[in-house]
Amino acid sequence: MSGNLDPENPGGVYFITTLSSSRYRLDLDALVIARFPDENGEELRRDDEQQPLLARTMPVIGQPLVMMIQIRDYGILTRRTTNWLTSIEKIG
C-alpha cells in the first residue's frame, strides 16, 4: 500500500518518505518512530534510533507529520515536525 492510512484500522508499521527524502519507520502498534535522513540531509539528535511516540499520530500525504517524542533522557519532550509527506508504505 502506498498512500494514506485507513482511519478505521490505523495500526501497523510504515515507511514514510518526506519531500526532503528523509525516511521514517513508524510503528503505530508499539508507538515508536525512527528517522533515517537522506544522504545529504541534516542529521538530528538520535537519528536511526527508535524513539517513543507520546501520542498516536496519523500521517497524511501532502501534509507534515507532527509528533511528540522523548529524545532527551531528562524528561523534556521534543516536538518534531517533518517536511511534507510524499509517500506512506505499509511494511507490517
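Each reported figure results from applying straightforward, stated rules to the coordinates on display, with no laboratory input. Given the structure is predicted, the values throughout are model-derived calculations rather than measurements. For neighbour counting, all protein chains shown are included, and Cβ atoms are generated from backbone atoms with ideal geometry for every residue, glycine included.
Here the extension length gained between Arg72 and Met58 equals 2.7 nm, from 0.36 nm per residue of separation less the Cα-Cα distance.
The slack in the chain from Glu8 to Arg79, taken as 0.36 nm per residue of separation less the alpha-carbon distance, amounts to 23.0 nm. When each of the peptides 73-86, 15-28, 53-66 is scored by how many other beta carbons lie within 10 Å of its residues on average, the order from highest to lowest is 15-28, 53-66, 73-86. Taking amide H positions as placed in the peptide plane 1.01 Å from N, state which residues far from Ser22 in sequence (5 or more) or on other chains have amide H under 5 Å from it. Residues meeting the amide H criterion: Asp38.
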